[in-house]
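Asks: If you scroll down you'll find the structure; I have some questions about it.
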Amino acid sequence: MRIAIVGLGIAGLRAAMLLEERGHEITLIEKQKYAGGRMHTAPDGFETGAEWIDADHYRCLNLLDELGLKAIRARIDPYLICYGSERILSTELWPDAAEDMSRVHALESDLDEGALSDYLDKRCQTDRGRWWVESQIRSDEAEDSSELSLREWLRYQRMHSKRPQNAASALRFPPSASIVSAMLSRITAEPIYDASFLGCLCKSEGIELKFAAGEPLEGFDRVILAITPLDLLGTFVRPEPMPEYKGFLACIGMARILKVCVTFTVPFWSDEGWHGNFFSNGLLQQGWNASSEGKHRINLYICGKEAHDLMGEKNLGPLVVDEINKLFPRAKPTSVAAKFWLLSNGLGRGFSYVAPSNCTGRDLARLAGPVHFIGEHTAEEWPGFVEGALESSERVVSQICG
């Protein structure tokens, strides 16, 4: 079959590898001037997108092994917790916060609809514990709990309740550039870059792809759209694959993420009993040690409403340095690089989440027809993860090849 893949993030690249192995003729289309999507290494080595692998994300680990690459063992514990003027290590977590977390993870709720925040407000008994629970959920979801579907969060937690202890963020990817390069080297088709995809028309003689510039591409048996819900909103599929298609896409949440890389003169954390990983109830919500090649670095997350409020901030670098100096007076930051994930329509967006509307990308995955949808937002088991992107690639190959 002739198959077009639109979008060369990790899902699109993996689908191309697997489909070429099965003898299909593949055409690759990407709107950027490079492949990788939300896995991207900036020229200065800053990993602007995905970094982490959970210990039970076997598709990720198997792909790295297939590519001849190795995951990097992460050193997380103990991490520092900053709450107001308090500074403790994770090994010394306040009993009230631990108890609130236990009540939340009992997964007992008389609620089913609405936002996750409503459930957390009922389960947590202290302000400090409520903040701690929020910080851990934001670390996983990169979004405020008020934006998340309670039903979907409970479904995910129950599905993975038996996973190994300390599986989360146990490993880190090698540089994204090395992964993308290795994947491209295993694909015969030459990508068409800088192609602004407008949409596709399903005709009796095959599927036609339209672009903002240049001639259309015609005669495809199948098309795989490996692009985010936000990008899908700016395109068309005719006939539409489901009723109220655009309204449905608008309900799939994409996390608001500002990711910042701060370089320091010295690893000031090393003689304080922690490893460069922290949580804070201030502007800099979370940080982790991203040192490599002799550069002492911490990557930071600012997510949700606070990230949204910083869009367009012209003095972001000095603002971050000021916050760093407040948190860590001994720190000596030398440079700051910032990236709003997936700039689209003026908003920095990262990976998907399910909003209280309960529209999920899984519904896109189940659609029958010549146009297929992949990406982490369509994953059944691991939405929001690179593992979910690879899961979706395997699923579409099974749908096409049987």
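The values are calculated or read from the model by the stated rules, or taken from the named source; none is laboratory data. Since the model is a prediction, treat every value here as computed from it, not as a measurement. Virtual Cβ from ideal backbone geometry, glycine too; neighbours counted across all protein chains shown. Side chains are part of the model used for accessible areas, which takes the heavy atoms of the whole protein and leaves out ligands, DNA and RNA. Shrake-Rupley method; radii C 1.70, N 1.55, O 1.52, S 1.80 Å.
Asks: What are the residues in region 205-248 that are at negative phi and among the charged types (D, E, K, R), if any?
Replies: Passing the criteria: GLU205, GLU208, LYS210, GLU215, GLU218, ASP221, ARG222, ASP231, ARG238, GLU240, LYS246.
Asks: Would you tally the residues in region 215-234 being assigned to a strand (DSSP E or B) and open to solvent by less than 70 Å² (accessible area, probe 1.4 Å)?
Replies: The qualifying residues number 7.
Asks: I'd like to check something: does region 165-178 contain any residue that is of a type outside the set (Ser, Thr, Tyr), touching a Leu at 6+ places or on another chain (Cβ under 7 Å) and within 16 Å of LEU13 (Cβ to Cβ)?
Replies: Yes - at least one qualifying residue is present in region 165-178.
Asks: Taking region 282-323, which residues are open to solvent by 50 Å² or more (accessible area, probe 1.4 Å), of a type in the set (A, V, I, L, M, F, W, C) and under 12 Å from VAL260 (Cβ atoms)?
Replies: Correct list: LEU319 only.
Asks: OK, next. Give me the residue from region 92-106 that is over 17 Å from ILE81 (Cα atoms), of a type outside the set (S, T, N, Q) and without any contact (Cβ under 8 Å) to a residue 24 or more places away in the chain and, out of that set, surrounded by the fewest Cβ atoms within 10 Å (Cβ to Cβ).
Replies: ALA106
Asks: If you take just the helices (runs of 4 or more DSSP H) that sit entirely in region 36-124, which of them hold at least 2 residues that are under 15 Å from ARG172 (Cα atoms)?
Replies: Answer list for region 36-124: 58-67.
Asks: Could you please let me know if ARG158 is basic (Lys, Arg) and in contact (Cβ under 8 Å) with a residue 60 or more places away in the chain?
Replies: The answer is no for ARG158.
Asks: Mind checking which residues of region 245-276 are of a type in the set (D, E, K, R) and within 26 Å of the chain's Cα centre (by Cα)?
Replies: LYS246, ARG256, LYS259
Asks: Could you check region 155-186 and list, in sequence order, the residues that are open to solvent by 20 Å² or more (accessible area, probe 1.4 Å) and in a helix (DSSP H, G or I)?
Replies: Passing the criteria: ARG155, TYR156, GLN157, ARG158, MET159, ALA177, SER178, SER181, LEU184, SER185.
Asks: Have a look at GLU380, GLU391 and point out the one that is touching a residue at least 60 places away in the same chain (Cβ under 8 Å) and open to solvent by 10 Å² or more (accessible area, probe 1.4 Å).
Replies: It is GLU391.
Asks: What is the one condition in (1) open to solvent by less than 30 Å² (accessible area, probe 1.4 Å); (2) without any contact (Cβ under 8 Å) to a residue 60 or more places away in the chain; (3) closer than 30 Å to TYR353 by Cα that GLU208 does not satisfy?
Replies: GLU208 satisfies every listed condition except (3).
Asks: Would you mind stating whether ALA189 is assigned to a helix (DSSP H, G or I) and closer than 29 Å to GLU47 by Cα?
Replies: When the stated conditions are applied, ALA189 does not pass them.
Asks: What number goes with the only condition from (1) open to solvent by 10 Å² or more (accessible area, probe 1.4 Å); (2) in a strand (DSSP E or B); (3) not polar (S, T, N, Q) that VAL237 does not pass?
Replies: All conditions pass for VAL237, except number (1).
Asks: Here is a check on your reading of the model: is CYS60 farther than 30 Å from GLN399 by Cα and open to solvent by less than 60 Å² (accessible area, probe 1.4 Å)?
Replies: no
Asks: Restricting to region 20-30, count the residues that are in contact with a Ser or Thr (Cβ under 9 Å, 6 or more places away or on another chain) and either modelled with pLDDT under 95 or not in a strand (DSSP E or B) (or both).
Replies: Here the count works out to 1.
Asks: Right, something else. Take ILE252 and decide whether it is modelled with pLDDT of 90 or more and closer than 30 Å to LEU367 by Cα.
Replies: Against the criterion (modelled with pLDDT of 90 or more and closer than 30 Å to LEU367 by Cα), ILE252 does not qualify.
Asks: Collect the residues in region 181-238 that are of a type in the set (Phe, Trp, Tyr) and either within 23 Å of ALA379 (Cβ to Cβ) or under 26 Å from the mean Cα position of the chain (by Cα) (or both), keeping them in residue-number order.
Replies: TYR193, PHE197, PHE236
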